[in-house]
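All remarks here apply to the structure that follows.
The values are calculated or read from the model by the stated rules, or taken from the named source; none is laboratory data. What you see is a predicted model, and the numbers here were worked out from it, not measured in a lab. Cβ atoms come from the backbone with ideal geometry, glycine included; neighbour counts cover every protein chain shown.
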Amino acid sequence: MDKQFTIGVLAALFAAFGFSLNFIVPFIIGDHSTFDFALVRHLVAAMVGVAILVSEKDPLRHLTLRNWLATATLAFIGYVGYFLAVTGAAIFCGPVIAPAFLGLVPIVLAIVGNRRQGSLPWHLLVIPLGLVLIGLLLVNGTAFTAESLRLDETLWIGIPLALTAVALWVWFAIANQAALAVRPDMPLGTWSALILVSGGVEMLVFFPIGAAVGLFQLPALGFGWGSAGSLYLWGSSLALMATVGGVWAWNVASRRLPVALAAQLIVSETAFGVIGGLVVHTRWPTGVETAGVGVLIVGVVFAIRIFHRGHTQYNEAIPQVS
């Protein structure tokens, strides 16, 4: 298997694992809100980003206004804005329906990505996309029971927010890859650092607004180590793994893989999330959950094989200059 292709696949899977750690946040933050956690996580990630930029030999070379504006937009779309939409969806839809709608991301992203790039003929995508869709329906099946979909006026707010989150993540994936494509000399570490710093600044700007409407509990609970030490530890840990690691790995994958494949690899976030949730709840998966995760994995493996075959045939078709 081609080295660059393999690196891209492994990076996308690592990004999915990093992002899946977000599913355990509600179980580790205690009395603090998810907004408190997001503030700590993004600020720690921003500090890491600053350290990366300062460590460069020529730190000012890539710190142009154009790059800052691009990464600030990407940070808002894919991190701050996406987080606000997801959190709002969870508040108004509940913790079951919102993630089920987010399962649409890899399907929509694969379709949009292949339409834009023409990576593969559509008939070759039918089987892997079908398997991914079936797997997502099995894993999220409980979200569509009569009880979960009970008539509730808050759903009319939550569902549009969930769909907004889907649109924001698809937009981010497409825009981020396009931005990297026109900057072939941009180091991935620098690009990731710019996004991390931008996201931290945006979250800091949002803090007084959120605090004024009661979204943050830190001002009431206290910023001291005695009251917020656990939040700082968990926030820093997930900042390094999920935010810093996830952003960097996704950028590596974006430069090496077509969007349609990266989309199907990111669906493994759902599988990782289910496994993490089972560990947190200390229970074994149900038969349906096991089948759903199994089908997702088969779909991902199938997609890798198909795209690798197409990638190899494309390389072999290029005349070699000796």
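Some points to look at:
- Of Leu21, Leu39, Leu43, all but one fail to be of a type in the set (A, V, I, L, M), touching a Gly at 6+ places or on another chain (Cβ under 6 Å) and touching a residue at least 12 places away in the same chain (Cβ under 8 Å); the exception is Leu43.
- Picking from residues in region 23-50 that are in a helix (DSSP H, G or I) and in contact with an Asp or Glu (Cβ under 9 Å, 6 or more places away or on another chain), the one that is nearest to Ala75 (Cα to Cα) is His42.
Condition check ((1) farther than 18 Å from Asn114 by Cα; (2) of a type in the set (S, T, N, Q); (3) modelled with pLDDT under 80) across all residues:
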position: Gly246; (1), (2), (3): yes, no, no
position: Asn251; (1), (2), (3): yes, yes, no
position: Arg255; (1), (2), (3): no, no, no
position: Ile266; (1), (2), (3): no, no, yes
position: Val274; (1), (2), (3): yes, no, yes
position: Thr282; (1), (2), (3): yes, yes, yes
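- The C-beta contact set for region 64-79 (first residue within 17 Å of Pro184 (Cβ to Cβ), second residue of a type in the set (Ser, Thr, Tyr) and buried (at least 18 other Cβ atoms within 10 Å of the Cβ), distance under 6 angstrom, 6+ apart or interchain) comprises Thr71/Ser198.
- Scanning region 248-269 for residues that are out of contact with any Phe, Trp or Tyr (no Cβ under 9 Å at 6 or more places or on another chain) and of a type in the set (S, T, N, Q) yields a single hit, Ser254.
- Candidates are the residues of region 52-62 that are aliphatic (A, V, I, L, M) and without any contact (Cβ under 8 Å) to a residue 24 or more places away in the chain; the one that is nearest to Trp250 (Cα to Cα) is Val54.
- Selection within region 44-85 - among the small types (Gly, Ala, Ser) and exposed (fewer than 14 other Cβ atoms within 10 Å of the Cβ): Ala51, Ser55
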